[in-house]
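Trainee: Below: one structure in structure tokens.
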Amino acid sequence: MTTLTRSGTAEVQNGRRYINILCKHWARKFDVQLDDEGAKVVFPKEEDDPDYPEDATALFRSTESRLDVHLTAFTMTQLDAYWGAIDDHLDRFAAREGGLRLIWETP
């Protein structure tokens, strides 16, 4: 099966804070692995749904001034859905700071 990827970055102070908030939020629903290097979130496949045939994964890393996200999926529908979810959640969690939008690299 072919994998599709999309990566994005945001210039932001304390990117680790946003990783922690996302992981805490999504840990109730998804498999989340958080460590000193960053985080991995697994968005599970949906049984009998061809748009979500395998688990999608998002890897999060941060530095003092940057947040990096790398998303892997298996269909454009799945890639677009989780890309939107990540971007929307980060923007919502950064509302007090004026919002946050990832700059997604084009393949």
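Trainee: Looking at Leu67, is it touching a helix residue (DSSP H, G or I) at 6+ places or on another chain (Cβ under 8 Å), assigned to a strand (DSSP E or B) and either free of Cβ contacts under 8 Å to residues at least 24 places away in the same chain or not small (Gly, Ala, Ser) (or both)? First the steps, then the outcome.
Mentor: Working: touching a helix residue (DSSP H, G or I) at 6+ places or on another chain (Cβ under 8 Å): yes; assigned to a strand (DSSP E or B): yes; either free of Cβ contacts under 8 Å to residues at least 24 places away in the same chain or not small (Gly, Ala, Ser) (or both): yes.
The answer is yes for Leu67.
Trainee: Further, regarding this structure: Given Thr75, Thr63, which one is open to solvent by 30 Å² or more (accessible area, probe 1.4 Å) and farther than 21 Å from Arg92 by Cβ? If you could, list the steps in order and put the result at the bottom.
Mentor: Values: Thr75 fails: open to solvent by 30 Å² or more (accessible area, probe 1.4 Å).
Every option except Thr63 fails the conditions.
Trainee: Okay, next question. For Asp48, which of the numbered conditions (1) part of a strand (DSSP E or B); (2) on the phi > 0 side of the Ramachandran plot fails to hold?
Mentor: Checking Asp48 against (1) part of a strand (DSSP E or B); (2) on the phi > 0 side of the Ramachandran plot, the one that fails is (1).
Trainee: Would a scan of region 83-96 turn up a residue that is within 16 Å of the chain's Cα centre (by Cα), within 16 Å of Tyr18 (Cα to Cα) and part of a loop (DSSP other than H, G, I, E, B)?
Mentor: Looking for residues that are within 16 Å of the chain's Cα centre (by Cα), within 16 Å of Tyr18 (Cα to Cα) and part of a loop (DSSP other than H, G, I, E, B), one finds at least one in region 83-96, hence yes.
The values are calculated or read from the model by the stated rules, or taken from the named source; none is laboratory data. Keep in mind that what you see is a predicted model, and the values were worked out from it rather than measured. As a convention, Cβ positions derive from the backbone with ideal geometry for all residues, glycine included, and neighbour counts pool all protein chains shown. Just so you know, the surface numbers come from the protein's heavy atoms only, side chains and all, with ligands and any DNA or RNA stripped out. Shrake-Rupley method; radii C 1.70, N 1.55, O 1.52, S 1.80 Å.
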